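**Q** Let me begin by handing over the structure; questions about it come next.
No lab work stands behind these numbers, since they all come straight from the coordinates. Not measured: the values here are computed from a predicted model. Backbone-built Cβ (ideal geometry, glycine too); neighbour counts: all protein chains shown.
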Amino acid sequence: MPATDHPTELREWIAHRVADYLECAPEAIDPGVPLSDYGLDSVYAFVLCGDLEDHLGFPVDPTVVWDHRSVEELSAHLAQVAAGHRADPPGTAP
């Protein structure tokens, strides 16, 4: 189970990752602003999804970054997905 799968904690974690990519302070990342407005392209989307997979412990499709465009939307969505993974441990889904 991931250490930070609550939406608020995920939002902070994602904002820190994005800030690292952009070489800026995490406070400079507005969670409501679309990631593309920061200049994040498909390469960064793949990198972010890889980091998210490592952090959360389940696969994250790179399209999720474009479907949930801001840090706020992405963290809320991934928190729901993480909750579903805890509810249905591997091998127990119907």
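**Q** Note down the magnitude of the dipole of the chain about its Cα centre, charges +1 on Lys and Arg C-beta and -1 on Asp and Glu C-beta and zero elsewhere, to the nearest 20 debye.
**A** Using Cβ point charges on Lys, Arg, Asp and Glu, the chain gives about 240 debye.
**Q** Label-point separation (nm) for Glu23 and Ala76, each offset 7 Å from Cα along Cα-to-Cβ?
**A** Distance between the two pseudo-spin positions: 3.4 nm.
**Q** While we're on this one: Excluding Val33 itself, what net charge comes from residues whose Cβ is under 10 Å from its Cβ, given Lys and Arg +1 and Asp and Glu -1?
**A** It works out to a net charge of -2.
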